[in-house]
Amino acid sequence: MPDFCPVCGSKVERPEGEAVHRCTGLACPAQIKEHLAHFASKGAMDIDGLGSKFLEQMVDKGIIRDQADLYGLKKKIS
């Protein structure tokens, strides 16, 4: 297991009593993408058409940083 997150460089720790190691970086892009994917999933908000690839692109471009940013999105008409 790496000592540092390969995405953001934050320290990786295993909380006592847990089996998994976790990145400690709150602004880690990988964590943000996973949180948003869960938020939009069928088991949560069930947002149609908001898949992980689309979310990944929006996070990478800086369009969204958290769940609240999803509510400010506007449809662009070309």
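What follows is calculated from the coordinates using simple rules that are stated; it is not laboratory data. Just so you know, these numbers come straight off a predicted model, no measurement behind them. Note: ideal-geometry Cβ built from the backbone for every residue, glycine included; neighbour counts use all protein chains shown.
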Whole-Hz ³J(HN,Hα) from phi, Karplus 6.51 cos²θ - 1.76 cosθ + 1.60, for the range 20-28, glycine and proline x: 9, 8, 9, 6, 8, x, 5, 9, 5
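Which of the trypsin sites (Lys or Arg not before Pro) found in the chain are in a DSSP loop and have at most 16 neighbouring Cβ atoms, other than their own, within 10 Å?
Details: sites: Lys11, Arg22, Lys33, Lys42, Lys53, Lys61, Arg65, Lys74, Lys75, Lys76; in loops: Lys42, Lys61, Arg65, Lys74, Lys75, Lys76.
Taking the chain and a limit of 16 other Cβ atoms within 10 Å, the loop trypsin sites (Lys or Arg not before Pro) found are Lys42, Lys61, Arg65, Lys74, Lys75, Lys76.
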Student exercise, the chain dipole from Lys, Arg, Asp, Glu Cβ charges, in Debye to nearest 20: 420 debye
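With a cap of 12 neighbouring Cβ atoms within 10 Å, and only residues DSSP puts in a loop, list the GluC sites (Glu not before Pro) found in the range 7-78.
Those satisfying the criteria are Glu16, Glu18.
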Crossing angle, helix 29-40 versus the chain [Cα axis fit, 0-90 degrees, rounded to tens]: 50 degrees
Cα-based reach from Lys11 at 19 Å (exclusive), listing aspartates and glutamates while leaving out same-chain residues under 8 positions away: Asp3, Glu34
Residues with amide H under 5 Å from that of Ile63, placed H, sequence gap 5 or more: none
Cβ-defined net charge surrounding Met45, 14 Å radius [Lys, Arg +1; Asp, Glu -1]: -3
Fluctuation leader among Gly51, Gly62, Gly17 - the chain, Gaussian network, Cα springs under 10 angstrom: Gly17
Leading residue at positive end of dipole, the chain (Cβ point charges), from Ile64, Gly17, Ile32: Ile64
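Work the Kirkwood hydrodynamic radius out for the chain: mean of 1/r over every pair of different alpha-carbon atoms, inverted, in Å.
Roughly 14.0 Å, rounded to one decimal.
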